[in-house]
Amino acid sequence: MDRGSCVEALRAHHAEGRHLVVGLDTDPARIPESVRPDADPADRVVAFNREIVESTADLVCAYKPNAAFYEALGPDGFRALAETIAAVRASASGVPVILDAKRADIGSTNAGYAVAAFDRLGADAITVHPYLGREALEPFLKREEKLIFVLARTSNPGAGEFQDLVVDGVPLYRRVARSVAADWNAAGNCGLVVGATYPDELEQVRADVPADLPILIPGVGAQGGDLAAVVAAHRQAGSDAFLVSASRSILYASPKADFASVARSEAQALADALQPAAAV
């Protein structure tokens, strides 16, 4: 995508009421036997992903492959990830790809991560950790045409161990969110990650940051996040800048040859549940 087009594409999708992200966290062990049974795992992953994308392209605002599932495939995994992103380009033109890699390191290492994600794989956005501070993330932040989602309040059960620690009178996750919005977002290319499994915290973060700053919200579906609370928090804040991610509940909705059509039905149900948010 060209400069600024990732943010602009998401804004257009949100204005149309499209807030669903399908996570392409594809485990070869869970791919239906009907999908290229004689192929190697990487090729089966790509074939499966291609059918998922083709069946859901008109329902989503983004796709989100998690790098770990591809790295676990060894040398062929990088190829499978690149081919998956190419499949999105072919079947879902104008739909951004968020690489869920949760990168974080010193600046020189992050420069390599940025090249891999954006220049080699062609992703439009990436998830990153804030722990090393803004300076270390500069290789990502300076990519003004990309969208950088910074972890604030994650969806896992143990998230509060550090994220709830009080700093200057507020929990750390709120301090992170405020810093990203006020100090890191000079290029207008920052977003946040807040889990749907913590609706009260999501409501606080949404109120802390500008209404147009996008929040990526995992934890819906298999993790049991509160979808109604996600919508309510954004309606209350007058914001439509949110992306709700579901992976396993869509990808593995059926273990049979009808997996793509059943995945579409599951995606359609989630997309429909998010429609009221378009009226904020």
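The values are calculated or read from the model by the stated rules, or taken from the named source; none is laboratory data. Note that the structure is a prediction, hence the values are computed from the model and not measured. All Cβ positions, even for glycine, are placed from backbone atoms using ideal geometry, and neighbour counts span all protein chains on display.
How many residues, within segment 83-104, are among the polar types (S, T, N, Q), under 18 Å from R18 (Cα atoms) and in contact with a helix residue (DSSP H, G or I) (Cβ under 7 Å, 6 or more places away or on another chain)? Reasoning before the result, please.
First pass over segment 83-104, keeping only residues among the polar types (S, T, N, Q): 84, 91, 93.
Right, trim to under 18 Å from R18 (Cα atoms) and you get 91, 93.
Remaining after also requiring in contact with a helix residue (DSSP H, G or I) (Cβ under 7 Å, 6 or more places away or on another chain): 91.
Final tally of qualifying residues: 1.
So I52 ticks every box in (1) farther than 28 Å from R143 by Cα; (2) in a loop (DSSP other than H, G, I, E, B) but one. Which box is left unticked?
It is condition (2) that I52 fails.
Among the listed residues A62, A67, A57, identify the single one that is under 25 Å from L141 (Cα atoms), without any contact (Cβ under 8 Å) to a residue 40 or more places away in the chain, surrounded by 17 or more Cβ atoms within 10 Å (Cβ to Cβ) and within 17 Å of the chain's Cα centre (by Cα). Walk me through how you get there before you give the answer.
Numbers: A62 fails: without any contact (Cβ under 8 Å) to a residue 40 or more places away in the chain; A57 fails: under 25 Å from L141 (Cα atoms).
A67 is the lone residue from the list that is under 25 Å from L141 (Cα atoms), without any contact (Cβ under 8 Å) to a residue 40 or more places away in the chain, surrounded by 17 or more Cβ atoms within 10 Å (Cβ to Cβ) and within 17 Å of the chain's Cα centre (by Cα).
Name the residue that is modelled with the highest pLDDT, counting only residues in segment 263-280 that are more than 15 Å from D58 (Cα to Cα) and part of a helix (DSSP H, G or I). Don't jump to the end; show me each part of the working.
Residues of segment 263-280 more than 15 Å from D58 (Cα to Cα): 273, 276-280.
Those left that are additionally part of a helix (DSSP H, G or I): 273, 276-279.
Values: A273: 89, P276: 57, A277: 47, A278: 43, A279: 44.
Ranking the candidates gives A273 first.
Does V22 qualify as being modelled with pLDDT of 95 or more and outside any helix (DSSP H, G or I)? Show your work before the answer.
Values: modelled with pLDDT of 95 or more: yes; outside any helix (DSSP H, G or I): yes.
For V22, the condition - modelled with pLDDT of 95 or more and outside any helix (DSSP H, G or I) - is met.
Provide a single number: the residues in segment 192-230 that are touching a residue at least 60 places away in the same chain (Cβ under 8 Å) and within 18 Å of Q268 (Cα to Cα).
Residues meeting the conditions: 3.
Looking at (1) of a type in the set (V, I, T); (2) within 27 Å of A187 (Cβ to Cβ); (3) free of Cβ contacts under 8 Å to residues at least 24 places away in the same chain, find the lone condition where V21 falls short.
The failed condition is (3).
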